[in-house]
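J.: Encoded as structure tokens, here's the structure I'll be asking about.
Every number in this text was worked out from the coordinates using simple rules, so none of it is lab data. None of the values given here were measured: they were computed from a predicted structure. Here the Cβ is made from the backbone with ideal geometry for all residues, glycine too, and neighbour counts use every protein chain on show.
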Amino acid sequence: MPVPVPRQRALPAADSGRARTVPHGDGPPAVRAPHAEATVEKDDRDTAPATGSPLTLLLIEDDPGGSPIVPELLDSSGRPVRIRTARNLTEAARLLTDDVHCILLDLALPAPGRSAGADDELVVLQQVLELAPRHAVLALTASGDAERGARAVRVGAQDYLVRDELDGRLLSRAIRYAVERKRSDTAERRLAEGRLRAQENRRLERGLLPTPLLDGSTLRFSSRYRPGRSRALLGGDFYDAVRTPDGTVHAMIGDVCGHGPDEAALGVELRIAWRALTLAGLCGDELLSTLQQVLEHERSDEEIFATLCTVDIAPDGRRAGLCLAGHPSPLVIAPGRPARLLPYDNNGPALGLLPGARWPRMQVELGAQWSLMLYTDGLIEGRVGEGGERLGQDGMVELVRRQLARGLRGEDLLREAVNEVRGLNGGELTDDVAVVLLDREP
């Protein structure tokens with residue numbers, strides 16, 4: 001039987017599972033009105049109190065005699081703490097709405113199916129924690145039973161209080177502490193879960209980035225990749241390069257429209273499909289037609305499309321076949337000549353736009369020494385200055401020429417080119433950027 005605290009004052013206006021009479025010195029009793037019965041559907045939202053909102057306490061205790069155990073409570077701003085009372089877990093579940101901030105559980109409450117006074121081994125506390133995983137919980141124990149209170153904290157309660165030592169100031173402070181500790185624990189748990197997800201995503205994305213298969217080739221491969229999504233390693237842009245047994249080096253770069261993990265996943269699927277089809281001997285229009293079938297089958301929306309640029313460099317390295325599917329033309333760098341774009345007159349449509357489309361393969365001469373730069377439109381769609389003008393392909397060509405004049409080549413050329421584009425944009429680019437550079441030296 002709970003022991004009343006001497007000189008208890010009237011509880012503030014509160015909700016309860018039953019009407020209760022609370023002594024108020026020598027004056028008339030104050031009656032607490034029953035809470036309107038309503039079923040509230042619980043969810044996983046954070047139940048920490050909003051700043052400035054009054055605290056609400058749910059008291060769960062079995063007190064057939066109606067003797068009160070909770071004195072008048074005030075929050076940190078001096079406002080009365082709202083109190084609801086439940087005699088069992090059934091009533092508690094009904095009263096546990098989202099505006100409840102803390103639960104005060106009498107550990108003397110018998111577990112369902114057990115007689116009063118039986119040792120429930122904190123079964124009731126465990127059930128309350130399962131019922132209210134986002135709420136702060138205070139355990140109330142009898143005098144001389146501090147060990148049980150300590151075990152309650154180990155099980156999951158934020159703190160425990162001794163019934164005989166209970167007063168308004170102590171309980172008010174304990175409630176505020178429990179609410180803040182629960183909020184801190186929840187934030188720490190979410191932060192740890194977020195870090196774990198980020199680590200798993202980084203491992204997954206790093207594993208999905210391509211490793212070019214160029215064993216036996218004399219070409220030098222360089223790449224630069226910057227996803228548009230914050231803190232991501234992988235975006236909707238994709239690239240790859242492989243060497244087939246006949247000595248031909250195949251390279252490609254592509255861009256799935258849109259941003260986000262779904263587009264990144266589709267880009268990975270297209271890259272893997274391209275590699276498999278290329279190693280199986282497909283090239284040109286046949287290869288792109290098959291990739292379009294893959295895209296149409298795997299995309300989540302019929303409006304999703306992908307641009308693609310593929311090149312196949314002959315074993316002697318002096319010429320290449322070029323196919324463009326709605327993609328910007330590569331840039332070629334050769335000694336004694338300014339950097340220039342390869343022809344793009346026969347540019348076919350992006351993959352996924354036109355059923356039965358065709359993609360002609362153009363033959364281009366490269367010469368004995370050259371560098372071939374493939375890129376996505378994230379590199380050319382950045383802003384230039386405050387007027388909102390785009391860099392464009394012409395601006396990119398001039399930018400690369402300046403970098404070449406400084407003597408930059410390979411990885412250094414790609415890094416400085418991307419950095420200058422970002423600088424001209426006035427900050428981070430919003431679109432994914434992928435750049436691939438193939439170099440042939442005599």
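J.: Say a paramagnetic label sat at a point 7 Å from the Cα of Ala368, along Cα to Cβ; which residues of segment 309-335 have their backbone N under 13 Å from it?
T.: Counting only backbone N, you get 318, 335.
J.: Still on this model: Taking the Cβ-Cβ separation of Ala93 and Arg406 as r and a Förster radius of 60 Å, what is the calculated FRET efficiency to the nearest 0.05?
T.: Working: r = 71 Å, r/R0 = 1.19.
With R0 = 60 Å, the Cβ-Cβ based efficiency is 0.25.
J.: Compare the peptides 430-438, 288-296 by average per-residue count of other Cβ atoms within 10 angstrom and give them in order, highest first.
T.: Taking the mean over residues of other Cβ atoms within 10 Å, the ranking is 430-438, 288-296.
J.: If packing is taken as the average number of other Cβ atoms within 10 Å across a peptide's residues, how do 394-407, 297-310 rank, most packed first?
T.: Result, highest mean Cβ count within 10 Å first: 297-310, 394-407.
J.: Work out how much length Thr244 to Arg173 would gain on full extension: take 0.36 nm times their residue separation and subtract the Cα-Cα distance, in nm to one decimal.
T.: 18.2 nm
J.: For segment 209-440, place one equal point scatterer on every Cα, skip the solvent, and apply the Debye formula. What is log10 of I(q)/I(0) at q = 0.18 Å⁻¹?
T.: Reported log10 I(q)/I(0), two decimals: -1.46.
J.: Additional query: Which far-off residues, 5 or more places away or on another chain, put their amide H under 5 Å from the one on Leu59, with H placed in the peptide plane?
T.: Sorted by chain and number, the residues that satisfy this are Arg84, Thr85, Ala86, Leu104.
J.: Taking amide hydrogens as modeled 1.01 Å from N in the peptide plane, which residues meet the under 5 Å criterion relative to Phe305, leaving out close sequence neighbours?
T.: When sequence neighbours closer than 5 places are left aside, the close amide H contacts are Cys257.
J.: Oh, and also: Could you go through segment 320-336 in sequence order and give the Karplus-derived ³J(HN,Hα) for each residue, using 6.51 cos²θ - 1.76 cosθ + 1.60 with θ = phi - 60°, rounded to whole Hz, and x for Gly and Pro?
T.: 8, x, 10, 10, 10, 10, x, 10, x, 6, x, 10, 10, 10, 9, x, x
J.: Still on this structure, I have one more. What is the extension gain from Arg319 to Arg415, computed as 0.36 nm multiplied by their sequence separation minus the C-alpha to C-alpha distance, in nm to one decimal?
T.: 31.9 nm
J.: Now for a separate question. Once phi is turned into θ = phi - 60°, what whole-Hz ³J(HN,Hα) does the Karplus curve with 6.51, -1.76 and 1.60 give for every residue of segment 257-269, x standing for Gly and Pro?
T.: 5, x, 9, x, x, 5, 5, 4, 5, 5, x, 5, 4
J.: How far apart, in nanometres, would the label points at Leu354 and Val153 be if each is projected 7 angstrom from Cα along the Cα-to-Cβ direction?
T.: 7.4
J.: Dipole of segment 294-442, Cα-centred, from +1 at each Lys and Arg C-beta and -1 at each Asp and Glu C-beta, to the nearest 20 debye?
T.: Using only the charged Cβ atoms, the result is roughly 740 debye.
J.: Would you please state which residues of segment 358-374 a label at Ser289 would reach in this model, taking the label point 7 Å out along Cα→Cβ and a backbone N cut-off of under 11 Å?
T.: Under 11 Å, as judged by backbone N against the label point of Ser289, lie 358-359 of segment 358-374.
J.: So, in Å, what gap is there between the alpha-carbon centers of segment 363-428 and segment 164-183?
T.: About 62 Å separates the Cα centre of segment 363-428 from the one of segment 164-183.
J.: If you add up the charges near Glu398, with Lys and Arg at +1 and Asp and Glu at -1, over every other residue whose beta carbon is less than 12 angstrom from its beta carbon, what do you get?
T.: My count for the surroundings of Glu398 gives +1.
J.: Okay, moving on. Once you list every other residue whose beta carbon is under 11 Å from the beta carbon of Ala306, what net charge do they have if Lys and Arg are +1 and Asp and Glu are -1?
T.: Around Ala306, the surrounding residues sum to -4.
J.: Can you tell me how much longer the chain between Leu131 and Glu386 gets when fully stretched, taken as 0.36 nm per residue apart minus their C-alpha distance, in nm with one decimal?
T.: In short, 86.2 nm is gained.
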